[in-house]
Structure formats: structure tokens, C-alpha cells
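To start, the structure itself, in C-alpha cells.
The values are calculated or read from the model by the stated rules, or taken from the named source; none is laboratory data. Only a predicted model underlies this, so the values are computations on that prediction, with no experimental measurement involved. In this analysis, Cβ positions are derived from the backbone assuming ideal geometry, glycine residues included, and neighbour counts consider all displayed protein chains. The accessibility values were calculated without ligands, DNA or RNA, using every heavy atom of the protein model including side chains. Shrake-Rupley method; radii C 1.70, N 1.55, O 1.52, S 1.80 Å.
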Amino acid sequence: MLIKKNPLSGFLKATNMMSKFPPAATAGLIIMAMFFILIIRLWQLQILQGDWYRKISEGNRLRIIRVAAPRGIIYDRNGIQLVKNSPYYSVSISPQDIDKIDIAALSGLLKVDKDSLAEKIKRQRRSIYEPIRLKDGLSFKEIALIEARRSDFPGLTIDVDISRDYIFGSQGAHLIGYLGKPDQSQYKSPEFRDVPPDAFIGQWGVEKLYDKQLRGIPGERIIEVDALGRELRLLQEKPPVKGEDLRLAMDINLQKEAEESFGERTGALVAIKPDTGEILALVSRPSFDPNLFAKGVNPEEWEKIISNPRKPLLNRALQSQYPPGSTFKIVTAIAALEEDAITSNTAVTCTGGIAYGRWHFGCWRKGGHGTVSLHRALVESCDVYFYETGRRAGIDRIASYARQLGLGRDSGLLLVNERRGLIPDTKWKQQRRKQPWYLGETFNASIGQGYVSATPFQMAQLMSIVANSGYIYKPSLLMLDGKPEPIGRLNIRQDTFDTIRRALYGVVNEQGGTGWAARSSMVNICGKTGTAQVVGLKKDSKYLSEMNRDHAWFVAFAPYEKPEIALSVMVEHGGHGGAAAAPIAKKAIEAYMKSTRQSHGNIHQSNNSKNDEGIESEGSPKNRRFFGVLE
């Protein structure tokens, strides 16, 4: 038979047993049991959970505030300040105070969507010590409103980061760069392990390339606060360490004059000091205002920039490659002279073009240049002369010298992911096209057309090597202490360089020279024009649109007697190099010489007289003929 047990029977039994003890003993047992329970609880709180409660306690009492380090200042070669540090304000809240906050009221104060604010808090709540950033880029009016109501929101603090003001705006932006917040991949990178969350880092140009030196070491303040999050006293402070200052090789006066000379035109300019490899200017037009990024670019502004068909973020000096046109005749001439395919006295008769099979390769001057030697062929940019020179030298030898002179390969400058250009030869044609090389392709390559392409930076390097008689220097964005040792010298005869330099002087300063627009009363400029075809147009055809116009080139160095600057100018769809690019080069060179005079008290004076009379120009629309048009 199943007997149901009374649930109170155990309790009654224990009561009956305790009733057998004296009252004093019973009370003692109860007290001992309570003390035992208390000791167990204290052991649990202090030993098992002590660390956790200690962190909670310290978190309620202490605040750790990161102090941004002043970023190093960037100067130009003459000591002109290019950037300055500026405060960037944001508001954050301590994680342990979140539960005390009315999120709806906080979103109203900050004028941030409630759901977005709640999501941001949830996403960033990783540590009891790490403040949660709520809103960036506060105005002074917003700061005043927050300060007035801080007592309603315990743990709310105003943070100050270091951002930048770029003094010259868009001028030099592609070289100087800009700051921005780290992206997710950068957050995870060991390189940025010590960078505080939401700190600004270099994201472009010199700011990115030398970010570690510029950003310094952040500091830290540990303060005691009351229940409302108000500071009571400073407990410990580690001051920040300012970043290193940088002195660029750039001359901002040259950079400014060059950029303004482009106006609204698209293109690039690169200027190099030929005896050091220092980069004096790097222009890419159109440009952008780095101040937009340093203060946090909004989605509308970002969309406007990236959807701009002129691509202002593209560094055309290094990331765009173009047919170099007649500027490449310098390479063809050097190759032919060095390989004894021609001499400086070799003469060729130009009647306006040559026939090759059923193809006609025209000269830019329809009536021809008559009989010319190398000097006049470069001065007047005779295409027929260089068709013949290219035929004698051969494409493989031309390509070899082009690569030695810096074309078709990386410059070693780590500013951006640069393009390498293209220097074709018979091996390349066979591998890429599975076809043999044709003589007609040599004709086109000899005058910088066809498959040949180069970046403006490469063409400036080429002119630097020509100016210094074959010495190769490592490109430098920074001002160098003393004169560096060249990393190499080309095995090219001095007489070859002298011959080329005399002809380049004639291009600018002799009657009939295609670069007469670069002639200066201040300094003897040497240069070479180039007009690179964009599309093939039949003889006597009209330009269909501005985008079909030829690219305009001018490469130069100065002074002739002792070169101090070498440069290249490329104007996209600018037409003739002598008309569009040469005047820009002249203004840039003169700006640099003025800057040098102001810094060193001297300048090279030119003895030539300026002649502004109109001279028939290579590649003007009425005279330009497509190379290789089937007649």
C-alpha cells in the first residue's frame, strides 16, 4: 500500500530535534550557520569575482582619456608651411554609463537618428574603458549645446583629435595627400595597432607614405570623476609626443604657378632637379581639395568627386600613360647616334612624307622641310628625318635605349601604384600579337606613336638624364641633405648628349624652332615639343570634337649652361605641344628660377633676344597628317 509522505514532516522532525537543545545553543548554531554563509559569499565576491568587481568599481571612478599627438608639419624646400594642425571635435560616452542614459533624449541633443545611435552604441561597446564615439566633426555651436546639458547625461565627454588644414587647398594635393579615418583593413593591420580608434591617419600622398613619422605617439590622461562623470582630479598623465616634421623637395611657388597655368585644362606636369633627383613639382589636373577629406567627406561630396568624368582623384603624372609624340625623337636620336646608324651630319631630304607599300607616312609640314641634318630635324621636328633614323637604328635598339632612359619601367616612387608605359620591340610583338614586327611600325614608334606610351613622370626623368649627361638619381619627395650619389650612369658618349642638348636649345631659341613659345628673357630654356595623336584622322578631315584633339607635350630643362630643373608638361587634348604645353613649361621654369633667386640671391640670365613672330608650328590642325593613312 502506497503511503503519501507529508512534505512538512522533514521540517517538523528538524524542529523537534532542535527543541531538545537548550535555547542558547540553538541560537549559536543559527549564528554560526549565518557566519558560514557570509564567509562563503565574501570568498565568492573577493576571490572568485574580485577582478570583475574591481574593474566595475574603477570604471565608475576613473576615466582614461586618450590625447592625440600633434602631427608633424610639412614644409616645402624653402621652409614654407604647407599644412597646419587643427582641432577636430567629437562626442563620446563611457560604456558603464550607457544604462543611465535616455537614448531618445540623447539622440535629440546630438540630432542623430535614435535607431542609428543605438546601433552605433551596440557595435562599439567592446570594453568598459573604451569610450563609445557617438558623433564626429562637431561645430562650436554643437559643443556649446552639449556642454550646457552634460549634467543630464552622465559619462558624456567632448573629445579633441588632430586633423589638418591644407593651406594651399588643391594645389599640390596629389603630392601632399590628405588624412582620413582608418578603414576596417587598417584597423586590423599591425601597422596601426597603437593608433587610437577614430584617430586620423594618412590616406594619400606624402601623408600616407610618411604617416608613421608624421603621426607621433598619442598621450593619455587618467582622471577621477563623480557619479555625473564630472572631472574631480587628474591622477596620472602621459603627454603625447609630436610627430616628425617633413621638408619636401617641392617648391610651392613653382607648384602654384604651374597649376594656375593649366587653368581648366586637364593634364600633368612633373619637375625634377637633375643633379639630385628631387621632385620640385608634381601637378595633376584637375585636382581636389584635401580639406574635404581631412574634415570627413560627406556622402554627397564623395559621390560628386568619384562621378566626375574628369577623374580628379587620378594622378595623371604617374597613373596615366600617353603616346609621347615627337618628344620621343630624343630617344630615337640618341639610339641612332650611339649605334652609329647616323652622325650629327647625316642629311635626309623631306618632301612632306614617304611611301611604304600602299601606305603614306606624312610629315607634319605638308610641303616638307627640304634637306636637313639631325640638328635642324630636331629643331623643326621633321618626321621624315626620324622615319629614316628609326629605320637605320631598328626598333630593338631604340627600345633598349628608351628603357635605359627610364621609359617602360617603374620609377621607384611609391607615391601611388604607377603605370609603366609601353616600349614595344620585336619580342613583345611576337609574344603579345603572335605577329612579326613591320617596318611601318618602326616609323610610327620612331616619332612616339603607335604602341609607344609613357607617363609624364617618365618623360621628366628622361629629360633629367639628358640634362645631367646620363646620371641616374633615385627620385626623392623629400629635400635631401647635401648632394646624393647617383645610383648609376648610362654608357652613352658625352658627345651624344652635347649634340642633343644643342638641338634642344635650338628648338626654343632658333628661328623655325617648334618650341619658340617657351623662349624666356630670364633663362635659357631647352626643350622639345610633341603632338600625340589620340585618334586616326584622314588627311584634311575636320576635328569632330574637343576629345578627338591631339595631346600636347613639351619636355624641357634649364638653364642650358648648367641645368637646375628638368620637366615634362602634358595637356590632354591640348592640340599642338608648342602652343599648349610650352607656355606652361616657361611659366613653371621662370617661377622656379625666381624662387631660387629669392632663396639664394642669384639667377641665370639669358643673353638671347625674344622673338615673338609667328612661326609655322608642328602639329597645328591645318598641317597635321595622320601617320599611316591609306591614301
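Select from region 182-206 the residues that are in contact (Cβ under 8 Å) with a residue 60 or more places away in the chain and touching a helix residue (DSSP H, G or I) at 6+ places or on another chain (Cβ under 9 Å) and write down the one among them that is surrounded by the most Cβ atoms within 10 Å (Cβ to Cβ). Residue satisfying both the conditions and the ranking: 200. Selection of region 263-280 for residues being within 22 Å of residue 553 (Cβ to Cβ) and either surrounded by fewer than 22 Cβ atoms within 10 Å (Cβ to Cβ) or aliphatic (A, V, I, L, M) (or both) yields 263, 264, 265, 266, 268, 269, 270, 271, 272, 279, 280. Is there a residue in region 450-465 that is open to solvent by 20 Å² or more (accessible area, probe 1.4 Å), in a strand (DSSP E or B) and either at pLDDT 95 or above or not polar (S, T, N, Q) (or both)? No - not one qualifying residue is present in region 450-465.
Screening 318, 415 for residues that are open to solvent by less than 50 Å² (accessible area, probe 1.4 Å), farther than 18 Å from residue 507 by Cα, modelled with pLDDT under 95 and not small (Gly, Ala, Ser) leaves exactly one candidate, 415.
Look at region 275-307 and say how many of its residues are in a loop (DSSP other than H, G, I, E, B), within 26 Å of residue 477 (Cβ to Cβ) and among the polar types (S, T, N, Q).
So in region 275-307, the residues in a loop (DSSP other than H, G, I, E, B) come out as 275-277, 286-290, 295-298, 307.
Among the residues that remain, those that are also within 26 Å of residue 477 (Cβ to Cβ) are: 275-277, 286-290, 295, 297.
If we keep only those that are among the polar types (S, T, N, Q) too, we end up with 276, 287.
The number of residues fulfilling the criteria is 2.
Looking across region 419-437 at every residue that is in a loop (DSSP other than H, G, I, E, B) and open to solvent by less than 30 Å² (accessible area, probe 1.4 Å), the one that is nearest to residue 456 (Cα to Cα) is identified as 421. Among residues of region 505-520 that are more than 10 Å from residue 380 (Cα to Cα), those with a Cβ under 6 angstrom from a residue that is open to solvent by 30 Å² or more (accessible area, probe 1.4 Å) and among the hydroxyl-bearing types (Ser, Thr, Tyr), sequence gap 6+ or separate chain, pair up as 505/560. Answer with yes or no whether residue 1 is in a loop (DSSP other than H, G, I, E, B) and either modelled with pLDDT under 80 or not acidic (Asp, Glu) (or both). For residue 1, the condition - in a loop (DSSP other than H, G, I, E, B) and either modelled with pLDDT under 80 or not acidic (Asp, Glu) (or both) - is met.
Taken as a whole, the structure leaves residue 172 outside the set of residues that are within 30 Å of residue 97 (Cβ to Cβ), of a type outside the set (A, V, I, L, M, F, W, C) and in contact with a helix residue (DSSP H, G or I) (Cβ under 9 Å, 6 or more places away or on another chain). State yes or no: is residue 254 open to solvent by less than 60 Å² (accessible area, probe 1.4 Å), more than 18 Å from the chain's Cα centre (by Cα) and either at pLDDT 95 or above or under 27 Å from residue 157 (Cβ atoms) (or both)? So residue 254 passes the test.
Within region 551-590, the set of residues being under 27 Å from the mean Cα position of the chain (by Cα), over 17 Å from residue 524 (Cβ atoms) and open to solvent by less than 10 Å² (accessible area, probe 1.4 Å) comprises 552, 553, 568, 569, 570, 571, 577, 580, 581, 584.
Any idea which of 489, 501 is within 20 Å of residue 398 (Cα to Cα) and touching a Pro at 6+ places or on another chain (Cβ under 9 Å)? If you could, list the steps in order and put the result at the bottom.
Details: 489 fails: touching a Pro at 6+ places or on another chain (Cβ under 9 Å).
Exactly one of 489, 501 is within 20 Å of residue 398 (Cα to Cα) and touching a Pro at 6+ places or on another chain (Cβ under 9 Å), namely 501.
Screening residue 283 on (1) surrounded by 19 or more Cβ atoms within 10 Å (Cβ to Cβ); (2) without any contact (Cβ under 8 Å) to a residue 60 or more places away in the chain; (3) under 17 Å from residue 265 (Cα atoms) shows it passes everything except condition (2). The numbered conditions (1) out of contact with any Gly (no Cβ under 8 Å at 6 or more places or on another chain); (2) more than 30 Å from residue 79 (Cα to Cα); (3) surrounded by fewer than 19 Cβ atoms within 10 Å (Cβ to Cβ) are all true for residue 440 except (1). Of the residues making up region 366-400, those that are part of a loop (DSSP other than H, G, I, E, B), over 40 Å from the mean Cα position of the chain (by Cα) and either free of Cβ contacts under 8 Å to residues at least 40 places away in the same chain or within 17 Å of residue 448 (Cβ to Cβ) (or both) are 367, 368, 369, 373. Residues of region 225-242 that are out of contact with any Ser or Thr (no Cβ under 9 Å at 6 or more places or on another chain), at pLDDT below 80 and open to solvent by less than 60 Å² (accessible area, probe 1.4 Å): 226 alone.
Total residues in region 477-494 satisfying the condition of being in contact (Cβ under 8 Å) with a residue 24 or more places away in the chain, surrounded by fewer than 11 Cβ atoms within 10 Å (Cβ to Cβ) and within 30 Å of residue 336 (Cα to Cα): the figure is 1. Scanning region 381-398 for residues that are buried (at least 24 other Cβ atoms within 10 Å of the Cβ) and either on the phi > 0 side of the Ramachandran plot or of a type outside the set (Phe, Trp, Tyr) (or both) yields a count of 9. Residue-level analysis places residue 359 among those that are aromatic (Phe, Trp, Tyr) and open to solvent by 60 Å² or more (accessible area, probe 1.4 Å). One residue alone among 245, 198, 165 is at pLDDT 90 or above, in contact with a Lys or Arg (Cβ under 9 Å, 6 or more places away or on another chain) and of a type in the set (Asp, Glu), and that residue is 165.
Taking the numbered list (1) open to solvent by less than 30 Å² (accessible area, probe 1.4 Å); (2) under 30 Å from residue 247 (Cα atoms); (3) under 29 Å from the mean Cα position of the chain (by Cα); (4) not acidic (Asp, Glu) in turn, residue 469 passes all entries but (3). Might you check whether a residue that is over 30 Å from residue 507 (Cα atoms) and not β-branched (Val, Ile, Thr) occurs anywhere in region 257-267? Scanning region 257-267, I find no residue that is over 30 Å from residue 507 (Cα atoms) and not β-branched (Val, Ile, Thr), so the answer is no.
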